[in-house]
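As structure tokens, the structure follows; a few thoughts come after it.
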Amino acid sequence: MESAFPTPPRGKLAVEYLGHSGVVLVSDRGMKVAIDPYLTDTVPLTRICPVVCLPEDLNVDHVLLTHDHSDHTDPNTCLPIMRTRSALFWGPPSSLSVLRAAGARADRLHRLDRGATVELGDITVMAVHAEHTADSVGYVLHVSGRWIYHVGDTEESPELYWLHDRAVEVLFTCFSGRWEAIDATQAAALAEALAVRYVVPIHHDMFAENRADPATLISAVTSRSGCDARVKVLRPGDRWVYPED
């Protein structure tokens, strides 16, 4: 069944959570951008997160990839999307190389290096540094008048803290502290430094070998006296419209 991602009201954005690092952001004009969709069992780990929809049913306009690890750039997810949708794929050279080697059409692949900005309809996308692989990125997006930051996979780095002037409102962050990722305390420090309104935990619910409890992130955020952010825990398949009424 085709994924249904309704357009949110004017001035709002919708978040459709796919599990792991996968989200779909929907603007108030109906533009749909997916980040790191992983909808298969490609990775040789124990998947415990339900598949929200089949790859070929993911109805989006653009796909952003953060780095070439197969739980973020998965040809078995991306190529079926490419076959059934007109979506364009964006990411660092390593991700595009993976898709190209798997048979992806060159005209659907677009390079997005650290520091680059692209306009995808009414959504502005900035690729920013992620301390993980040689060319890994996070994404800062301007959607429905709101700044959103998806860190991808990243370790602690001074490069994460420069976005103060963007008035980031929602931070999607890993927090497990495993496999080159920031831990809950570091994620909370980033949320405080950027003065975000909401923190959304990601990268914690896909594999039995890499689970993390969002309660640790909630505790880390609430324990920081200078942080007023709320933690919004989403389950795979959840839809969240922001700002909340």
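The values are calculated or read from the model by the stated rules, or taken from the named source; none is laboratory data. This one's a predicted model, so the numbers in the text were calculated from it and none came from an experiment. All Cβ positions, even for glycine, are placed from backbone atoms using ideal geometry, and neighbour counts span all protein chains on display.
If Tyr242 satisfies every condition in (1) among the hydroxyl-bearing types (Ser, Thr, Tyr); (2) touching a residue at least 60 places away in the same chain (Cβ under 8 Å); (3) more than 16 Å from Val23 (Cβ to Cβ) but one, which is the exception? Condition not satisfied by Tyr242: (3). Within the stretch 202-212, can you find the residues that are farther than 24 Å from His164 by Cβ, buried (at least 19 other Cβ atoms within 10 Å of the Cβ), among the hydrophobic types (A, V, I, L, M, F, W, C) and in contact (Cβ under 8 Å) with a residue 40 or more places away in the chain? If the condition is that a residue be farther than 24 Å from His164 by Cβ, buried (at least 19 other Cβ atoms within 10 Å of the Cβ), among the hydrophobic types (A, V, I, L, M, F, W, C) and in contact (Cβ under 8 Å) with a residue 40 or more places away in the chain, then Met206 is the only one that fits. Annotation for the stretch 198-213: at least one member residue is out of contact with any helix residue (DSSP H, G or I) (no Cβ under 6 Å at 6 or more places or on another chain) and more than 17 Å from Ala181 (Cβ to Cβ). Which of the residues belonging to the stretch 11-46 are in contact (Cβ under 8 Å) with a residue 40 or more places away in the chain, out of contact with any helix residue (DSSP H, G or I) (no Cβ under 8 Å at 6 or more places or on another chain) and in a loop (DSSP other than H, G, I, E, B)? If the condition is that a residue be in contact (Cβ under 8 Å) with a residue 40 or more places away in the chain, out of contact with any helix residue (DSSP H, G or I) (no Cβ under 8 Å at 6 or more places or on another chain) and in a loop (DSSP other than H, G, I, E, B), then Gly11, Lys12, His20, Ser21, Ser27, Asp28, Arg29, Met31, Asp36, Val43 are the ones that fit. Could you list, ordered by first residue, the pairs with Cβ atoms under 7 Å in which the first is in the stretch 81-94 and closer than 11 Å to Val137 by Cβ and in contact (Cβ under 8 Å) with a residue 40 or more places away in the chain and the second is assigned to a strand (DSSP E or B) and not basic (Lys, Arg), at least 6 apart or interchain? The qualifying pairs are Gly91/Leu64; Pro92/Val137.
Yes/no per residue for (1) buried (at least 17 other Cβ atoms within 10 Å of the Cβ); (2) among the aliphatic types (A, V, I, L, M); (3) under 30 Å from Thr42 (Cβ atoms):
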residue: Arg166; (1), (2), (3): no, no, no
residue: Glu169; (1), (2), (3): yes, no, no
residue: Ser176; (1), (2), (3): yes, no, yes
residue: Glu180; (1), (2), (3): no, no, yes
residue: Val200; (1), (2), (3): yes, yes, yes
residue: Pro214; (1), (2), (3): yes, no, yes
residue: Thr222; (1), (2), (3): no, no, no
residue: Lys232; (1), (2), (3): yes, no, yes
residue: Gly237; (1), (2), (3): no, no, yes
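Pairs are defined by a Cβ separation below 8 Å, a sequence spacing of at least 6 or placement on different chains, a first member in the stretch 127-151 that is at positive phi, and a second member that is at pLDDT 95 or above and of a type in the set (A, V, I, L, M); the pairs so defined are Ser144/Leu13. In this structure, Gly30 does not satisfy being at pLDDT 95 or above and either over 22 Å from Tyr242 (Cβ atoms) or in contact with a Gly (Cβ under 8 Å, 6 or more places away or on another chain) (or both).
Can you tell me which residues in the stretch 47-61 are of a type in the set (Val, Ile, Thr), out of contact with any strand residue (DSSP E or B) (no Cβ under 6 Å at 6 or more places or on another chain) and either over 11 Å from Thr77 (Cβ atoms) or assigned to a strand (DSSP E or B) (or both)?
Quick first cut of the stretch 47-61, residues of a type in the set (Val, Ile, Thr) only: 48, 51-52, 60.
Applying the additional criterion that residues be out of contact with any strand residue (DSSP E or B) (no Cβ under 6 Å at 6 or more places or on another chain) yields 48, 51.
Scanning the stretch 47-61 gives a single hit, Ile48.
For the stretch 82-141, the set of residues classified as touching an Asp or Glu at 6+ places or on another chain (Cβ under 8 Å), outside any loop (DSSP other than H, G, I, E, B) and among the hydroxyl-bearing types (Ser, Thr, Tyr) consists of Thr84, Ser94, Ser95, Ser97, listed by residue number. Of note, Thr185 satisfies the criterion of being over 21 Å from Val15 (Cβ atoms) and among the β-branched types (Val, Ile, Thr). Does Ala212 meet the test of being in a loop (DSSP other than H, G, I, E, B) and aliphatic (A, V, I, L, M)? Taking the combined requirement at face value, the residue satisfies it. Can you pull out the residues in the stretch 69-92 that are under 19 Å from Asp107 (Cα atoms) and acidic (Asp, Glu)? Of everything in the stretch 69-92, just one residue is under 19 Å from Asp107 (Cα atoms) and acidic (Asp, Glu), namely Asp74. When Thr42 is tested against (1) crowded, with 16+ Cβ neighbours inside 10 Å; (2) out of contact with any His (no Cβ under 9 Å at 6 or more places or on another chain); (3) farther than 25 Å from Tyr198 by Cα, only condition (1) is not met.
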